[in-house]
1. Would it be correct to say that residue 107 is touching a helix residue (DSSP H, G or I) at 6+ places or on another chain (Cβ under 7 Å) and not assigned by TED's automatic domain parsing to the domain that holds residue 23?
2. Suppose we filter 93, 61 for residues that are under 21 Å from the mean Cα position of the chain (by Cα), closer than 30 Å to residue 135 by Cα and exposed (fewer than 11 other Cβ atoms within 10 Å of the Cβ); which single one remains?
3. Name the residue that is surrounded by the fewest Cβ atoms within 10 Å (Cβ to Cβ), counting only residues in the stretch 111-128 that are under 23 Å from the mean Cα position of the chain (by Cα) and in a loop (DSSP other than H, G, I, E, B).
4. Test of understanding: among 135, 142, which residue is exposed (fewer than 10 other Cβ atoms within 10 Å of the Cβ) and either under 19 Å from the mean Cα position of the chain (by Cα) or more than 20 Å from residue 66 (Cα to Cα) (or both)?
5. From (1) assigned to a loop (DSSP other than H, G, I, E, B); (2) touching a strand residue (DSSP E or B) at 6+ places or on another chain (Cβ under 6 Å); (3) closer than 25 Å to residue 15 by Cα, pick out the condition that doesn't hold for residue 144.
6. Which condition breaks for residue 148 when tested against (1) surrounded by 12 or more Cβ atoms within 10 Å (Cβ to Cβ); (2) touching a helix residue (DSSP H, G or I) at 6+ places or on another chain (Cβ under 9 Å)?
7. Given the options 74, 25, name the one that is in contact (Cβ under 8 Å) with a residue 60 or more places away in the chain and touching a helix residue (DSSP H, G or I) at 6+ places or on another chain (Cβ under 7 Å).
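The values are calculated or read from the model by the stated rules, or taken from the named source; none is laboratory data. Note that the structure is a prediction, hence the values are computed from the model and not measured. Note that each Cβ is placed from the backbone with ideal geometry, even for glycine, and that neighbours are counted across all protein chains shown.
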């Protein structure tokens, strides 16, 4: 996607929503001294142009029974099988993120499991794709996670 032209109001809206996707449009309007209708139109424009791809609810994995987070790097015997691997990974509910990468791995995926035994079961029963080898890294704890910075100077 080509870079879009933004004005100061667009940056303010993006920054506010990246910090709190549930922030009411009227509150954004009040803080930016713009009408609620104008904010609604701007957010619609940002959404329809693909800048805002959606709003999500972030759930704490351990609170719903997913105690183990792992990252798995796939080294494919045949890198042309990338699309096939991705389709097979999409069918595994525990796989929450997938990337085509450079470096040591062709594909890198993030997986949540109930515990280490469940992770082992996912690896042995669901990730046996037969097209290469894998390396698994277990995350002990997510130290921080944040949205991308919305900085005016980065987007002009």
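1. Working: touching a helix residue (DSSP H, G or I) at 6+ places or on another chain (Cβ under 7 Å): yes; not assigned by TED's automatic domain parsing to the domain that holds residue 23: yes.
Against the criterion (touching a helix residue (DSSP H, G or I) at 6+ places or on another chain (Cβ under 7 Å) and not assigned by TED's automatic domain parsing to the domain that holds residue 23), residue 107 qualifies.
2. Values: 61 fails: exposed (fewer than 11 other Cβ atoms within 10 Å of the Cβ).
93 is the lone residue from the list that is under 21 Å from the mean Cα position of the chain (by Cα), closer than 30 Å to residue 135 by Cα and exposed (fewer than 11 other Cβ atoms within 10 Å of the Cβ).
3. Restricting to residues being under 23 Å from the mean Cα position of the chain (by Cα) and in a loop (DSSP other than H, G, I, E, B), the top hit is 115.
4. Numbers: 135 fails: exposed (fewer than 10 other Cβ atoms within 10 Å of the Cβ).
Matching residue, one of 135, 142: 142.
5. Looking at each condition in turn, residue 144 falls short on (2).
6. Tallying (1) surrounded by 12 or more Cβ atoms within 10 Å (Cβ to Cβ); (2) touching a helix residue (DSSP H, G or I) at 6+ places or on another chain (Cβ under 9 Å), residue 148 fails exactly one: (1).
7. On the way: 25 fails: in contact (Cβ under 8 Å) with a residue 60 or more places away in the chain.
Answer to the check: 74.
Listed here are the residues, each with its yes/no results for (1) outside any strand (DSSP E or B); (2) modelled with pLDDT under 95; (3) closer than 25 Å to residue 149 by Cα.
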{"site": "22", "(1), (2), (3)": "yes, yes, yes"}
{"site": "27", "(1), (2), (3)": "yes, no, yes"}
{"site": "31", "(1), (2), (3)": "yes, no, yes"}
{"site": "54", "(1), (2), (3)": "yes, yes, yes"}
{"site": "81", "(1), (2), (3)": "yes, yes, no"}
{"site": "97", "(1), (2), (3)": "no, no, yes"}
